[in-house]
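Inspection log for the structure reproduced underneath, given as structure tokens.
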Amino acid sequence: MSRVKQLDIITPQGDCGVLSRGSQFSFAYSTADAPREVSLVMPYDPTPSVSHVLHPIFDMNVPEGFLADQIKRRMAKHMQVDEMRLLSVIGGNQIGRLTYRNPLDAAVAVRAQVGLKEILSSDTSQGVFEFLVDTYFESGISGVQPKVLVPDLDKLTGTRKTMLSSDLIVKSGAEEYAHLAQNEFLCLEAARLAGLETPPFWLSESGELFVMGRFDLTESGRLGFEDMAVLLGLNKDPHDNYKYSQSYETLAAVVAQVCQHGDPLRELERLFSSVCLSVMVRNGDAHLKNFGVIYTHPDARETVQLAPVFDVTTTTVYDNYNPKSGRSLVDRTLAIKMNKVKTYPDRQQLIEFGRKHCAVEKPSLIIERIAEAMDQALVVHQKRVDGELFSAMQAEWDAGRMMALHDSVKSGPRRKPVVNK
């Protein structure tokens, strides 16, 4: 099958332009209507935007990691699977407000076959997940962790079985990260109990699947979503280093800028709370793509706000194999820099970040609230978490809380993880 050379780009406000690929990628607006612009950082320009790599806003929607591998495995024998093909495959079944339509193909609605109740209650969670992957692999969501976008059959009534877009994100644990679904559930519970905004989320009864509702879907339609890599105009690189560039101070500056027409102080406080949570639960993967903003459309700047907390796990309970050294080590560094280093910050550094860069008047109160919520999450959900994982997370959380709550506490010795692979 021939390459996909052209895609129509559609927003909830209407058609907006054409993305094409020849020797380079080119995007040309078909309208000057501001609500139909594709991105907060790509305003209307009568001249086509040409680039040797895919524009960041479109690249954000290209499936990568687990789902990209699934699509390529099924299609590589019959066609060339490049970025344009991947966007053509997912259509509108991805996070955010953009839909990609191949003018040569007919639009296909997403058919719901499984409901949330069945996903959560199934005794064979892995079998359900494999079915969902086989059925809904043509969805756009990034990350190494096995995950898929799924329409919730329980939300449909009567004989209606199709939806415009999937509304659930279903995740399964990767082989090298034991009980990852339980890990993420416990971290998001701490966030919720601390008063941080989160999407609705669930852990299956078997503890094998983590399910999250999409934060970009509302009763009035799909919201725009742009991660920090898009807002900073960063292009993907072969080793994913772009996700781990910049700093949390840079993120605060971006939030202040893009949210300036809404309530920037509120959004900066939310950013600080989210960063504190990641620091205290020892989430070393809080990179640029795990922070972003949501909004109605680019011409409604007053609606821009920080996206809810998502993709938070305690990464320090797992070790990482280094093929060069032949050793497995625990990564005890931040995903991106704070105070010019990737070392986990102590209490004073965290408070300085809150006051100086996020304009938070009483950062210590937020730290204390998160610490209390972490303790509550451990008490309430101990029975739902594997014993070995629970002990490992409790030790990491204790160290994270002590370092954030007390000036005198220094980071402890490097420990091997206690979670078996």
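How far is helix 387-405 tilted off the main Cα axis of the chain, in degrees rounded to 10, range 0 to 90? Relative to the chain, helix 387-405 is tipped by roughly 80 degrees.
At the listed q of 0.10, 0.12 Å⁻¹, the Debye profile of segment 6-101, built from one uniform point per Cα, gives log10 I(q)/I(0) equal to -0.26, -0.37. With each label modelled as a point 7 angstrom along the Cα→C-beta vector, the residue 21-residue 5 pair spans 1.4 nm.
Computed on segment 6-101, with alpha-carbon pairs under 8 angstrom and 6+ residues apart, the relative contact order is 29 percent. Per-residue ellipticity at 222 nm, computed for the chain from helices alone with -39500 (n - 2.57) per DSSP H run of at least four residues, works out to -9500 deg cm²/dmol.
Roughly speaking, to the nearest percent, how much of the chain's 1.4 Å accessible area is carbon and sulfur?
On the way: 9320 of 18890 Å².
Looking at the chain in its full context, I get 49 percent from C and S.
Charging the Cβ of each Asp and Glu at -1 and of each Lys and Arg at +1, and nothing else, the dipole of segment 291-392 about its Cα centre rounds to 400 debye. Taking the Cα atoms only, what angle lies between the long axis of helix 125-136 and the longest principal axis of the chain, rounded to 10 degrees? Relative to the chain, helix 125-136 is tipped by roughly 30 degrees.
Reported to the nearest whole Å, the Cα centre-to-centre distance from segment 1-72 to segment 227-296 is 23. Among the listed pairs 117/155; 289/342; 171/289; 147/337, those with a Cα-Cα distance over 19 Å are 147/337. Computed on the chain, with alpha-carbon pairs under 8 angstrom and 6+ residues apart, the relative contact order is 15 percent.
Across segment 257-268, rounded Karplus estimates of 3J(HN,Hα) from the backbone phi angles (6.51 cos²θ - 1.76 cosθ + 1.60, θ = phi - 60°) give 6, 6, 9, 5, 8, x, 10, x, 5, 5, 5, 5 Hz, Gly and Pro being marked x. Of the trypsin sites (Lys or Arg not before Pro) found in segment 257-331, the ones in coil according to DSSP and having at most 10 other Cβ atoms within 10 Å of their Cβ are 324. Using the Cα coordinates of the chain, the gyration tensor eigenvalues translate into equivalent-ellipsoid semi-axes of 34, 26, 21 Å, sorted from longest to shortest. With loop membership from DSSP and a limit of 14 other Cβ atoms within 10 Å, the longest segment of the chain without GluC sites (Glu not before Pro) is 1-174. About its Cα centre, the dipole of segment 6-101 is roughly 460 debye, where the only charges are +1 on Lys and Arg Cβ and -1 on Asp and Glu Cβ. The alpha carbons of segment 196-347 give a radius of gyration and a Dmax of 16.7, 53 Å, in that order.
The values are calculated or read from the model by the stated rules, or taken from the named source; none is laboratory data. Note that this is a predicted model, so its numbers are computed, not measured. Note that each Cβ is placed from the backbone with ideal geometry, even for glycine, and that neighbours are counted across all protein chains shown. Just the protein is used for accessible areas: all its heavy atoms, side chains included, with ligands, DNA and RNA removed. Shrake-Rupley method; radii C 1.70, N 1.55, O 1.52, S 1.80 Å.
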